[in-house]
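J.: One structure is given below, represented as structure tokens, and several questions about it will come after.
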Amino acid sequence: MKKIVLLLVIVLSAFGLYVYQNNSDSSEQQSTFYGNIENRTQKLSFRFLGTIKTVPKDEGEQFSKGDVLATLDTTPLLYAIEQLQAQIESETSILNKLQSGYRKEDIAQAKAAMQEAKALLDGAKDTYTRQKQLYKTKTTAEQTYIQTKTAYEKAQAAYNKAASSYKLLQNGYQKEDILAQEKKIAALKLQKKTLEYNLKESTIYAPTDGTVLSRYVEPNSVIVAAQTILEIALQNEYWVRAYISEAELGAIKQGQKMLVYSDARDEPYEGYVGFISPIAEFTPKNIETPQLRPDLVYRFRVIITNPTAQLKQGLPVTIKRL
């Protein structure tokens, strides 16, 4: 009887140990995950065509917010702005003249010319009237009559022209001419403003602290608009991309605190689950996992709240739940 009881105790102990180990393994599997470090990157470019003047930073070099990362040769822009400024000043001078009207001297001269033309017209009219009466009575030659008539008509045309010129000078320039000149100057100023903005944008400043990942151009290179000059990694924006099987999906939740371990540092990083994909996908080949690869997994992201310079793009890490 004692042997049977002893045997039963041994069997139950072994079964209890087996269950405990399985539960421990399951718990360990559900609380440990593997992934790789990722961080936010940005491609920097200029908005317009130009020639690269300087690219102070090389691949792998760190920079601080506000540092100069690239500049363009601004000589063509400066020449163009100077030329536009000269045009604006010239056209403004013309506008001032249009707004001020004609000179008093010009108006007086036009008035004198009109009065002179009027005197000549009056004389030609008197002569023509006399010759017309004489021609009717057959007391003057037809040729003389025709000559005085032609002279009268020419004097009338000359007077009309002088009077029109005088009236034009008195009235000043047309409003349409002034408006057209104002629009012309406004267009030139807009062109200048655009070039001045391009001049300001001829230098790329670091938007934040970070590291140069790739450098695509060298000084004296001619680049087109939006061509990538540098690709940078933004500092302090790191996270872990990891995957979890459907069976373990209940082990994590949005906002859950995590510890992130790497071989580059003894102390773990702190973080939290910032995203869990609602879409299943096949496990990427480059992802580490101690288990057999399931057919489908869910991607999740752990945001690191205390990043350091030791974190690098693609660095493999281990994630554990708190």
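The values are calculated or read from the model by the stated rules, or taken from the named source; none is laboratory data. In this text, all values refer to a predicted model and were calculated from it rather than measured experimentally. Please note: Cβ atoms are built from the backbone with ideal geometry, for glycine as well, and neighbour counts cover all protein chains shown.
J.: What are the residues in the stretch 30-79 that are farther than 30 Å from residue 273 by Cα, buried (at least 17 other Cβ atoms within 10 Å of the Cβ) and over 20 Å from the mean Cα position of the chain (by Cα), if any?
T.: Within the stretch 30-79, 55, 57 meet the criteria.
J.: Right, next: Mind listing just one residue for me: the one in the stretch 137-180 that is part of a helix (DSSP H, G or I) and of a type in the set (Lys, Arg) and, of those, nearest to residue 107 (Cα to Cα)?
T.: Taking the candidates together, the pick is 167.
J.: Suppose the filter is surrounded by 12 or more Cβ atoms within 10 Å (Cβ to Cβ), over 30 Å from residue 180 (Cα atoms), among the polar types (S, T, N, Q) and at pLDDT below 85; does residue 127 pass it?
T.: no
J.: Go over the candidates 229, 303, 279, 223 one by one and state the one that is more than 30 Å from residue 47 (Cβ to Cβ) and in contact (Cβ under 8 Å) with a residue 24 or more places away in the chain.
T.: 303
J.: Can you confirm whether residue 128 is of a type in the set (Phe, Trp, Tyr), without any contact (Cβ under 8 Å) to a residue 12 or more places away in the chain and on the phi < 0 side of the Ramachandran plot?
T.: no
J.: Still on this model: Since residue 112 meets every condition but one in (1) among the hydrophobic types (A, V, I, L, M, F, W, C); (2) over 23 Å from the mean Cα position of the chain (by Cα); (3) surrounded by 16 or more Cβ atoms within 10 Å (Cβ to Cβ), which condition does it not meet?
T.: Here residue 112 meets the rest and fails (3).
J.: A follow-up question, please. What single numbered condition from (1) at pLDDT 90 or above; (2) under 40 Å from the mean Cα position of the chain (by Cα); (3) aliphatic (A, V, I, L, M) fails to hold for residue 252?
T.: That leaves (2) as the condition not met.
J.: Which numbered condition in (1) surrounded by fewer than 15 Cβ atoms within 10 Å (Cβ to Cβ); (2) within 30 Å of residue 73 (Cβ to Cβ); (3) touching a residue at least 40 places away in the same chain (Cβ under 8 Å) is the only one that residue 200 fails?
T.: Every condition holds for residue 200 apart from (3).
J.: While we're here: Within the stretch 66-96, which residues are under 21 Å from residue 177 (Cβ atoms) and in contact (Cβ under 8 Å) with a residue 60 or more places away in the chain?
T.: Answer for the stretch 66-96, where residues must be under 21 Å from residue 177 (Cβ atoms) and in contact (Cβ under 8 Å) with a residue 60 or more places away in the chain: 87, 88, 91, 92, 94, 95.
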